[in-house]
Amino acid sequence: MSSRARIAIAASTIAILLVSASLGMIVDWRASGLGRYARDWLMRARGPLPVPEDIAIVAIDEVSMARFGRFPWSRRVIARAVDAIAADQPKVIALDVLFVDPTAQDDDDALARSVGRARNVVVAAQLTDSPVHGGPSRWLMPVPAIERAAAAVGHVNVQTEQDGAARQIAVRLADDSGHAIRAMAIEAVRVADGTPEEGVTDTGNALLVGARTIFVDTSSPSVLIDPSQSTRILSGGRMTIDYIGPAGSFNPVTYSLADVVAGVVPPEKLRDKYVLLGATAAAIGERLASPFVRYTDARADQHGALMPGVEVLANAINSILRGRFYTDVSDAAAFFWAALAAGLTVLLLEASQGGREVLKQTGALAGVAGLSLLGCYLAFSRLLLVPPIVPCFVAYGCAGILTLLRRSLVASARLDRNITELAVSGDLLAPAGPGIPGAYHWAEGGPVSLARGWLPKGLEWKARTLSELNARLLDRARFVNFALRSVEDGLLIAGPDGLITFANRAAGEILGSPARGLVGQNLAQRLAGTVDSGTLARLVADRGRIEREFTMRGSRPRYFTLRLAAVSADENGGGPVLGIVASFSDITRQHELQQTKNDVISLVSHEMRTPLTAIQGMTELLANYELAGDRRREMNLAINDEVKRLTRMITEYLDITRLESGATPMRLSAVRAETLIERILILLDPVAGARKIRLTRMIESGLQPILADPDLLSRAVENLVSNAIKYSPDGTEIVISARKEEEVLAIEVADQGYGIPAADLDRVFEKFYRVPRVQDVGTPGTGLGLSLVREIAELHRGTVAVTSELNHGSTFSLRIPLEKTT
């Protein structure tokens, strides 16, 4: 990759990170509800917390209403409850019940006396809005006697958001006259700790109550209060409630007011506890939604019930006592974490290229999402840190989309360049046709211009152009494929590793395998004995060429020239090696012509020289000297014999040459072996009889006729029998047999002659070769008879072989395939 491309990728990556993180922050600011929902989800994912042992609820429940009647009761009942609770010495008693309107004086006084005796009771007040729009807000305060008797007054207002969920309480509220009251949860903790009013300090971001620090959310605006005596600013801080679980989570420490009054509840259940008295009955009291309202527990039970106000108060007090105040990250930190999520998304998507790309990309996106969720969960549950889950996931989604879009644009631009490179390769596409319609034109066999734009071309243009180029390439590929397959020479193409990727039909015939069967095989193994893997490795390393000759053995040997060459990416031989090309040129005909030339030279220089020299010498004697009549006659007969020998030699040599070259036509007909052999033996019986040699016939009866040239086959059998007679001692036996062996007719001629040495068995069928033997001195012969037999056998797709044992004789076997005759 070029440095310019790297800079472009780096710049686009930075842009993706900035855009993704910025969009995440904008969504978080403009859709703040998403953050609240995310926090609720994290709280539900965290699950319930242990029920605190230092908090107890005395509930005005259905049991109490059944005993004391419909609520509201006489305040003497509440007074009795306060006395019963105070007798167990709790840390504080918080009455989450409003005593705003006066009732019977005795009842109010009784409750005031009970509150005063307890000395640690916090009573409730509530700030209400004016029924007239824009009117002043006012406090609903306890009756004066009860207020004076109480240790503190705390407001029980709970802020609900648009979805109705209670997530925060105001640390302090004030009416229009500037009368400010702190939340009951804070006052209950202050009274329990024995902290005087002077021990409460507001630092802006936190409220210090004695040794306790209550962190507050200051995102809500402050309130300007202008009473007649002075102007004050009331901080608008709110405390976030950390709920321990859904509604009913405090049931283990909740006791019925009726049981408390009756003395049924053991004193240790309330001693040194934060005791909250409030309504839990469904018919009375305020009920609020909590973040756990959609919670499903481990038993798959859904908790959709609203939470009584006294439980909300209990959760608020527990948050203060445990110091479980969640910290919101700053905007700068949120931006950083959003950019980090976007960067991780870009990194994994870029790393997920290659095979199975869709699965890798899906896994990468799922991995980033999983890591982000895990990190947010751990930060929330372990560090009490509210993670920027909305900015992170918006940045994650935006970065994923932009990264995939960038990859699509880069791939599209690369595809455009590839199309351009392909289109300008006119020499490769020359056979395809006159031109490709579209944004470029065709001239003189190739495209010469291609319209370019700032953005990549559209899919329709690519599809149309690639379709045209593909058609041209396919036509070219077919042309090249047909051309290579039609080459008469064998052709193999292999990769640099030596594995064959292409073979034409001629190569398959030469190597004795179908062309398709050669594909995938190792070139060195197929050419074993001619080249090896080391030779191919050097060929690739040196980018050289190799030329060798080899012989394919068979019934008739074939000779080939093997040429190997390494193919490089550069026409000048540079660049990486793309593969190896191997060609097989059949030089059997040239080899045979050379052999014929050698045979003629041998015939003229050796075989014909002796008789010609003899003829020349005798004719010179006859011409220069007067010889006696008997001597003259003897020389004339000798000249005649030598001439016949020369004629016979030339005739046999020409016959063999015509057979080898295919110039002798085959005249096939149905031939009966017994008839053919009998006719030959009738002619040779007198020759054998003159030397007292017996010709014994062993012909199997009922032999199937064979399809053969009767003249050529007769000549082959006659040569075998004539040779047996010629090289057998007088008075011996020659056995001529014919029988069927599987799908061939076997004709054998076995003599009792001198035998052939093992070293000469492989050469007896060569032209002009005669076994050097003392016993054969004076025996006429040309050394061409057995060579002629071999040619005739091969012409009939048969074979001839010899077995021999010295001083015991030789057996020549001629085997001709049997074919059906009509």
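With a cap of 16 neighbouring Cβ atoms within 10 Å, and only residues DSSP puts in a loop, list the trypsin sites (Lys or Arg not before Pro) found in segment 793-822. Can you show the working numbers first?
Numbers: sites: ARG797, ARG815, LYS820; in loops: ARG797, LYS820.
In loop regions of segment 793-822 (DSSP not H, G, I, E or B), the sparsely surrounded trypsin sites (Lys or Arg not before Pro) are ARG797, LYS820.
Can you give the FRET efficiency to the nearest 0.05 for PHE482 and SER330, using r as the Cβ-Cβ distance and R₀ = 56 Å?
Details: r = 73 Å, r/R0 = 1.30.
E(calc), rounded to 0.05, equals 0.15.
Taking only Cα atoms, what is the 0 to 90° angle, nearest 10, from helix 533-542's long axis to the longest principal axis of the chain?
Long axis of 533-542 versus the principal axis of the chain: about 70 degrees.
Put +1 on the Cβ of every Lys and Arg and -1 on every Asp and Glu Cβ in the chain; which of GLN521, LEU373, ALA282 then has its Cα farthest towards the positive end of the dipole?
GLN521
Can you compute 3J(HN,Hα) from phi for each residue in segment 87-104, using the Karplus curve 6.51 cos²θ - 1.76 cosθ + 1.60 with θ = phi - 60°, rounded to whole Hz and x for Gly and Pro?
5, 8, 6, x, 5, 7, 10, 10, 8, 7, 9, 7, 10, 7, 8, x, 10, 4
Please report the spacing between the Cα centers of segment 783-812 and segment 18-70 in Å, no decimals.
Centre-to-centre distance over Cα atoms comes out at 108 Å.
Could you tell me the ratio Rg/Rh of segment 106-146? Both radii from Cα atoms, Rh via Kirkwood. Walk me through the numbers on the way to the answer.
On the way: Rg = 14.1 Å, Rh = 12.0 Å.
My calculation puts Rg/Rh at 1.17.
First check a/c for segment 301-372, with a ≥ b ≥ c the square roots of the eigenvalues of its C-alpha gyration tensor; if it is under 1.5, answer rounded, and if not, answer prolate when a/b is larger than b/c or oblate otherwise. If you can, show how the numbers build up before the last one.
Numbers: a/c = 5.20, a/b = 2.16, b/c = 2.41.
It comes out oblate by the Cα gyration axes.
Which cross-chain or sequence-distant (5 or more) residues have an amide H under 5 Å from the amide H of GLY753, H modelled 1.01 Å from N in plane?
Hits under the 5 Å cutoff: GLY809, SER810.
Could you grab the relative contact order for segment 258-405? Cα pairs under 8 Å, six or more apart, rounded to a whole percent. Provide the component values of the computation, followed by the final result.
Details: 132 pairs, mean separation 32.3, N = 148.
Averaging sequence separation for qualifying contacts and normalising by length gives 22 percent for segment 258-405.
What dipole magnitude, in Debye to the nearest 20, does segment 24-112 give about its Cα centre under +1 on Lys/Arg Cβ and -1 on Asp/Glu Cβ? Intermediate results must be reported in sequence, preceding the final value.
Details: 11 positive and 14 negative charges, 121 e Å.
That gives segment 24-112 a dipole magnitude of about 580 debye.
Taking the Cα centre of segment 132-209 as origin, work out the dipole magnitude from +1 charges on Lys and Arg Cβ and -1 charges on Asp and Glu Cβ, in debye rounded to 20. Before the final figure, lay out the partial values.
Numbers: 6 positive and 10 negative charges, 23 e Å.
The calculation lands at about 120 debye.
Rounded if a/c is under 1.5, else prolate if a/b beats b/c, else oblate: with a ≥ b ≥ c from the C-alpha gyration tensor eigenvalues square-rooted, which is segment 513-561?
Working: a/c = 2.52, a/b = 1.37, b/c = 1.84.
Oblate is the answer for segment 513-561, as a/c is 1.5 or above yet b/c matches or exceeds a/b.
Suppose every K and R has +1 on its Cβ and every D and E has -1 on its Cβ; what is the size of the dipole of the chain about the Cα centre, in Debye to the nearest 20?
Values: 88 positive and 91 negative charges, 120 e Å.
So the dipole magnitude of the chain works out to roughly 580 debye.
222 nm [θ] for the chain, helices only, -39500 (n - 2.57) per DSSP H run of 4+, per residue, to 500? Numbers along the way, then the final one.
Numbers: 23 runs with 358 residues, N = 822.
It comes out at -14500 deg cm²/dmol, rounded to the nearest 500.
For segment 668-701 and segment 192-207, what is the centre-to-centre distance using only Cα atoms, to the nearest Å?
140
Amide H to amide H under 5 Å from VAL744: which residues, 5+ apart in sequence or cross-chain, H placed 1.01 Å off N in plane?
The answer is LEU818.
Applying the Karplus parametrisation 6.51 cos²θ - 1.76 cosθ + 1.60 with θ = phi - 60° to the phi angles of segment 803-813, what ³J(HN,Hα) value in whole Hz is obtained for each residue in order, glycine and proline being reported as x?
In residue order, the calculated couplings are 10, 8, 9, 4, 6, 10, x, 10, 10, 9, 10 Hz.
Carbon and sulfur: what percent of the chain's accessible surface (1.4 Å probe)?
Numbers: 23660 of 42760 Å².
Accessible surface attributable to carbon and sulfur in the chain totals 55 percent.
Roughly how tilted is helix 331-351, in degrees to the nearest 10 and between 0 and 90, from the longest Cα axis of the chain?
10
5 Å is the cut-off here: which amide hydrogens, built 1.01 Å from N in the peptide plane, fall below it relative to ILE241, excluding neighbours closer than 5 in sequence?
Here the answer is GLN168, ILE169, since their amide H atoms fall under 5 Å of that of ILE241.
Can you work out ³J(HN,Hα) from phi for every residue in segment 390-402, in order, using Karplus 6.51 cos²θ - 1.76 cosθ + 1.60 and θ = phi - 60°, giving whole Hz and x for Gly and Pro?
For segment 390-402, the Karplus curve yields 5, x, 5, 6, 5, 5, 4, x, 5, 5, x, 5, 5 Hz.
Could you tell me how many degrees, from 0 to 90 and to the nearest 10, lie between the Cα long axis of helix 673-690 and the main elongation axis, the longest principal axis, of the Cα atoms of the chain?
On a 0 to 90 degree scale, this one is about 40.
Determine the shape class of segment 42-122: with a ≥ b ≥ c the square roots of the Cα gyration tensor eigenvalues, call it rounded for a/c under 1.5, and otherwise prolate if a/b is greater than b/c, oblate otherwise. List each step's numbers first, then the result.
On the way: a/c = 2.39, a/b = 1.69, b/c = 1.42.
The shape class here is prolate.
What is the distance in Å between the Cα centroid of segment 124-151 and that of segment 343-422?
Cα centres, segment 124-151 to segment 343-422: 56 Å.
Place +1 on the Cβ of every Lys and Arg and -1 on the Cβ of every Asp and Glu in segment 47-203, take the dipole about the Cα centre, and give the residue among ALA56, ILE169, HIS179 whose Cα lies farthest towards its positive end.
About the Cα centre, the residue reaching furthest to the positive side is ALA56.
Would you check the chain for Lys pairs whose C-alpha atoms are within less than 23 Å, ignoring same-chain pairs closer than 8 in sequence, and give me the count? It would help to have the intermediate numbers written out before the result.
Details: LYS91/LYS269; LYS91/LYS273; LYS597/LYS767; LYS644/LYS726; LYS644/LYS767; LYS692/LYS726; LYS726/LYS767; LYS740/LYS820.
Qualifying lysine pairs in the chain: 8.
The values are calculated or read from the model by the stated rules, or taken from the named source; none is laboratory data. These figures come from a predicted structure and were not determined experimentally. Don't worry about glycine lacking a Cβ; one is built from the backbone with ideal geometry, like all the others, and counts go over all protein chains shown. Each accessible area value is taken on the protein alone, full model and side chains, heavy atoms only, with ligands, DNA and RNA left out. Shrake-Rupley method; radii C 1.70, N 1.55, O 1.52, S 1.80 Å.
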